[in-house]
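Chemist: A single structure is presented below for examination.
No lab work stands behind these numbers, since they all come straight from the coordinates. All figures in this text were calculated on a predicted structure; none of them were measured in a lab. Here the Cβ positions follow ideal geometry from the backbone for every residue, glycine too, while neighbour counts run over all protein chains shown.
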Amino acid sequence: MKETRLFSMSGIKRDHGRFQDIVRGKIRENLKEYISQGEMVARKAGGTVSVPIPQIDIPRFVFGSNQKSGGVGQGEGEVGDPVDGQPQEGEGQGEAGNNPGEHELEIELTMEELAKMLGEELALPNIEPKGSKEIKVNANKYKNIHRIGPNSLRHYKRTYREALKRQIASGLYDPNNPVIIPIKDDFRFRGWADDVIPQTNAVVIHMMDVSGSMGDEQKEIVRTQAFWIDAWLRSQYKGVITRYIIHDATAKEVDEDTFYRTRESGGTLISSAYKLMQTIVEKDYPSAEWNIYPFHFSDGDNWSNEDTLMCINLLKEKVLPNVNQFSYGQVESRYGSGQFFKDILQHLSDNERMVAVRIPDKNAIYDAIKAFLGNGR
């Protein structure tokens, strides 16, 4: 008897799942390249990211030649005529070629999936939060028992116990024939109640120099860097708040869109950003209750040595003692001197809560992320 294979929706879903796993494996293999390119940042929407996967042939039907006369596809018309009989508008551009086009597939991943891939690829340790007992949230838990409720919430163990107690008390229980049959009065149901539990929260404060020496290329590096930083921290904490500060000679808090689009032509006073950051932390995020992660991105130029010393003192005395980690990323440009990075190393290299890295180009983003997140603070 000839075996017949039956196609079902479950089989199609299983095959589709296998194909998705193959695609995800390809993303893991090339994660460093994806991080450097920054393509995922522009494709983020609604909690998911569309990832372009090139050079994957998408399965499709291919029709062979029909050797018999007649049949489907026979009729009036010549080879090359439009199917609908209407002339085609427009003209093709370029010369004919004999090479196949590059197939590109887009797959949607959640931010949780991307964060997991990032952690595996960079071998990132999980963060040990501080202050988790200080922040409380209400959570609904099924911890009560009621006599009425829907069948979906029936507590079978408690129902059995009530029926057993009733039968023993009434003398109906036979140990030689232990049949327990609950009646309506025996039924017990789970009921929910508000429960206050501790929750770990974090605040991320992104600061960026927007003076004239910071060009579009430097800002794109910052944007890509911040995308992956936020993805990882959100995988480690139940609640993450992100604040944005831009500065040249003065600092101000802005929204995310303004953060990446603003460019000023003035000078640079880095201390203005640090002072504003410290004001925000003291007002809204007490260090005993919050996990605090400031990130500062600059090309390393500062107005004066005096302002640099003010920054160093502010970091030593007020910022570093109260944050999980302070991260400085020097996004190098041809207009910046890079001196601030040297000053940080000179004065703060022995402080474990200070991490400073150079990011000369997009290829360095990968190593910078590992440096920022690799300490598990």
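Chemist: Based on the Cβ-Cβ distance from T262 to I148, what FRET efficiency comes out when R0 is 35 Å, to the nearest 0.05?
Modeler: Plugging the Cβ-Cβ distance into 1/(1 + (r/R0)^6) gives 0.05.
Chemist: Pull out a ≥ b ≥ c, the square roots of the eigenvalues of the alpha-carbon gyration tensor of the stretch 159-257, then state rounded if a/c is under 1.5, prolate if not and a/b is larger than b/c, and oblate in the remaining case.
Modeler: Taking the square roots of the gyration eigenvalues as a ≥ b ≥ c, the stretch 159-257 is prolate.
Chemist: Using the structure shown, select from K316/K342; K116/K370; K32/K342; K238/K362 the pairs with a Cα to Cα distance greater than 21 angstrom.
Modeler: K32/K342; K238/K362
Chemist: If neighbour count is taken as other Cβ atoms inside 10 Å, put D361, D209, D185 in order from fewest to most.
Modeler: D185, D361, D209
Chemist: Express the Stokes-Einstein translational diffusion coefficient of the stretch 233-377 in µm² s⁻¹, to the nearest whole number, given a Kirkwood radius over alpha-carbon pairs, 10 °C and a viscosity of 1.306 mPa s.
Modeler: Estimated diffusion coefficient is 100 µm²/s.
Chemist: Further question: Taking other Cβ within 10 Å of each residue's Cβ, how do R190, R147 sort, fewest first? Display every interim value, and only then the final one.
Modeler: Working: R190 17, R147 12.
Lowest count first: R147, R190.
Chemist: Another question, then. Shape verdict for the stretch 279-351, please, from the Cα gyration tensor: rounded (a/c under 1.5), prolate (a/b greater than b/c) or oblate.
Modeler: prolate
Chemist: Also, quick follow-up: Extension gain E317-N176, at 0.36 nm per residue separation less the Cα-Cα distance, in nm?
Modeler: 43.0 nm
Chemist: As a test, work out the antiparallel percent of DSSP beta bridges whose residues both lie in the stretch 201-373, rounded to the nearest 5.
Modeler: Of all bridge pairs located within the stretch 201-373, approximately 15 percent are antiparallel.
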